[in-house]
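Everything below concerns the one structure shown next.
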Amino acid sequence: MSTSYKIAVVNGDGIGAEIVPAGVSVLKAAAKKHDINLELTDLSWGAGYYLKHGEFMPTDGIEQMKTFDAIYFGAVGLTEVDDTLPARDYTFKVRSELKQYVNYRPVKLFSGLKSPLRDKTEEDIDFVVIRENNEGEFVQTGKTMYPDQPEGMAMDTSIFTRFGIERIAHYSFKLARKRKNKVTNVTKSNTLINSLAYWDKVIAEVAEQYPDVEYNKMYIDNASASFVLRPEVFDVILTTNLFGDILSDLGGAIMGSLGLGGSGNINPEKEFPSMFEPIHGSAPDIAGLNIANPIGQIWSAAIMLEHLGETQASQDIIAGIEHTTAKGNLTKDLKGNSTTTEVAESVVNYINSSELVTS
Ligand code: NAI
Ligand code: MG
């Protein structure tokens, strides 16, 4: 009997309408090959939905999401919609209400791709950014007063809780045990002497429970330079919501393009569905042209299948990506001339033609 999963598919806006269907075609091919039954339901939410209905999702949107096993998502945001809304009313809302407190963002150089870091190889660029996804700098508690007056003022507050820090730290140390056994806490406790000093203290306490895992601490400014100069020192990077957001785009860039990065917003306990999306946004500047790189979206499908326990289907997708990049089937951002659809077709063809490996 085949396993069945209910997946909510949210294209969102901009290039979402192109890369999500591309990712779905790959997902379907992998599912078919591994006898997995996927029930896909399109939810047309996002900034486009807001223009028609005045909200990013229906009032019971989160309740609807809870009925699925996972959410496969593109990105939200349109130039004609206030850009303070997409995160507040969609991305952070889903991540926090569904307790997706881990933002898992791998960085890895695929075969055949040249990193802009000219001397670095596939062995040097292979790490994962674990971004705390529910608290920190992005909780959006604050206030703006008299913005157009001489006495104008604006304030945002960060929130770090022992509970929140401990759970993301435990996740990171456990993940390191399955990888190269090293955790780097990227912080800035020398200047954020309250919030991030506390972050460091709690992480150091958790680190003591994993004496077999190498643990070190690095400030965000040094970490940014190290991404470029010596990415080989990293395995699992444990960092805050804001720092993780910035570092993962830099991670995308050292892989060769922002369009390559996949991610999972994960609720490890599986109390609620997790959401899988590329690291980038809706790229309105290239929307509708069939030139967006679908690899980050496709990689997110692999991360989703891994989360669901379908490891072989997940690995098939990664192998399909590697095969495609190695063959030079690349979109414009990687100096190729393949379309979004052609890159996805190349991954699908690989999956369909490669042998079924069973263990
Ligand atoms: P962006 O990530 O959409 O684009 C930045 C640059 O990277 C653009 O030049 C774009 O063309 C390029 N790019 C991004 N993805 C690409 C791909 N797959 N293939 C080729 N090139 C790609 O970030 P930007 O421009 O800052 O934001 C655009 C919109 O996306 C905004 O409304 C923003 O709020 C939203 N956004 C949404 C996110 C989400 O839904 N999780 C995350 C980040 C931004
Ligand atoms: Mg970002």
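Once the whole set of protein chains is in place, how much accessible area is left on ASP333, using a 1.4 Å probe, in Å² to the nearest 10?
Its heavy atoms expose roughly 60 Å² to the probe.
Grab the DSSP H runs of the chain that are 4 residues or longer, score each as -39,500 (n - 2.57), total them, divide by all residues and round the 222 nm result to the nearest 500 deg cm²/dmol.
Counting only the DSSP helices, I get -11500 deg cm²/dmol.
Toward the positive end of the charge dipole of segment 240-336, about the Cα centre and with charges on Cβ (Lys, Arg +1; Asp, Glu -1), which of LEU247, LEU330, HIS280 goes farthest?
Value: LEU330.
Which value, in debye to the nearest 20, describes the size of the charge dipole of segment 206-248 about its Cα centre when Lys and Arg Cβ atoms bear +1, Asp and Glu Cβ atoms bear -1, and nothing else is charged?
Magnitude of the dipole: close to 160 debye.
Using a 7 Å offset from Cα along Cα-Cβ at THR121, what residues in segment 324-340 end up with backbone N under 18 Å from the label point?
Taking a point 7 Å out along Cα→Cβ of THR121, the residues of segment 324-340 whose backbone N falls under 18 Å are 326.
If you take every DSSP beta bridge whose two residues both sit in segment 115-255, what share of them, in percent to the nearest 5, is antiparallel?
30 percent
Once you have all Cα-Cα distances for the chain, histogram them in 20 Å bins from zero and send the whole-percent values.
30, 60, 11, 0
From largest accessible area down, sort THR144, THR41; use a 1.4 Å probe on the protein chains.
THR144, THR41
Obtain the nm distance between the two label points defined at ARG162 and GLU269 by a simple spin-label model: each point lies 7 Å from its Cα along the Cα-to-C-beta direction.
Between ARG162 and GLU269, the label points sit 1.8 nm apart.
What ranking do 62-70, 211-219, 145-153 get when scored by the average of other Cβ atoms within 10 Å per residue, highest first?
62-70, 211-219, 145-153
Take each of the peptides 179-188, 232-241, average the number of other beta-carbon atoms within 10 Å over its residues, and list them starting from the highest.
232-241, 179-188
Taking the chain as a Gaussian network, Cα atoms linked when under 10 Å apart, which of GLU123, GLU342, GLU137 shows the biggest mean-square fluctuation?
Sorting by GNM fluctuation, first place goes to GLU123.
Please sort by residue number the trypsin sites (Lys or Arg not before Pro) in segment 118-151 whose DSSP state is loop and whose Cβ has at most 15 other Cβ atoms within 10 Å.
ARG118
Counting heavy atoms of the protein chains only and a 1.4 Å probe, report the per residue accessible area for segment 115-255 as a whole number of Å².
50 Å²
Which shape class applies to segment 115-255: rounded if a/c is under 1.5, otherwise prolate when a/b exceeds b/c and oblate if not, where a ≥ b ≥ c are the square roots of the Cα gyration tensor eigenvalues?
Judged from the Cα gyration tensor, segment 115-255 comes out oblate (a/c at least 1.5, b/c at or above a/b).
Please give the length that would be gained between GLU205 and VAL228 if that part of the chain were fully extended, namely 0.36 nm times their separation in residues minus their C-alpha to C-alpha distance (nm, one decimal).
Residue separation times 0.36 nm, minus the Cα-Cα distance, leaves 5.3 nm.
For the chain, give the magnitude of the charge dipole about the Cα centre (Cβ charges: +1 Lys/Arg, -1 Asp/Glu; no others), in debye to the nearest 20.
Dipole magnitude for the chain comes out near 680 debye.
Quote to one decimal, in nm, the extra length available between LYS335 and THR191 on full extension: 0.36 nm per residue of separation minus the C-alpha distance between them.
Stretched out fully, the LYS335 to THR191 stretch lengthens by 47.8 nm.
Sorted by packing (mean other beta-carbon atoms within 10 Å per residue), highest first, where do 313-322, 107-116 land?
My ranking of the peptides, most packed first, is 313-322, 107-116.
Suppose R0 equals 41 Å; then what is the FRET efficiency for LYS33 and ARG177 from their Cβ-Cβ distance, rounded to the nearest 0.05?
Efficiency for this residue pair is about 0.85.
Please name which of TYR219, ILE159, LEU229 has its Cα lying farthest along the dipole of the chain towards the positive end, using unit charges on Cβ (Lys, Arg +1; Asp, Glu -1) and the Cα centre as origin.
LEU229
Report, for the chain, the % of DSSP beta bridges that are antiparallel, rounded to 5.
That works out to approximately 40 percent antiparallel.
What size of dipole, in debye to the nearest 20, comes out for segment 115-255 about its Cα centre when the only charges are +1 on Lys and Arg C-beta atoms and -1 on Asp and Glu C-beta atoms?
Approximately 360 debye in magnitude.
If each residue of separation counts as 0.36 nm, what is the full-extension length gain between SER4 and HIS53 once their alpha-carbon separation is subtracted?
Full-extension gain reported as 14.4 nm.
The values are calculated or read from the model by the stated rules, or taken from the named source; none is laboratory data. All of these numbers come straight from a predicted model, not from anything done at the bench. So basically every Cβ, Gly included, is an ideal-geometry build from the backbone, and we count neighbours across all protein chains shown. Only protein heavy atoms, including side chains, enter the accessible area calculation; ligands, DNA and RNA are left aside. Shrake-Rupley method; radii C 1.70, N 1.55, O 1.52, S 1.80 Å.
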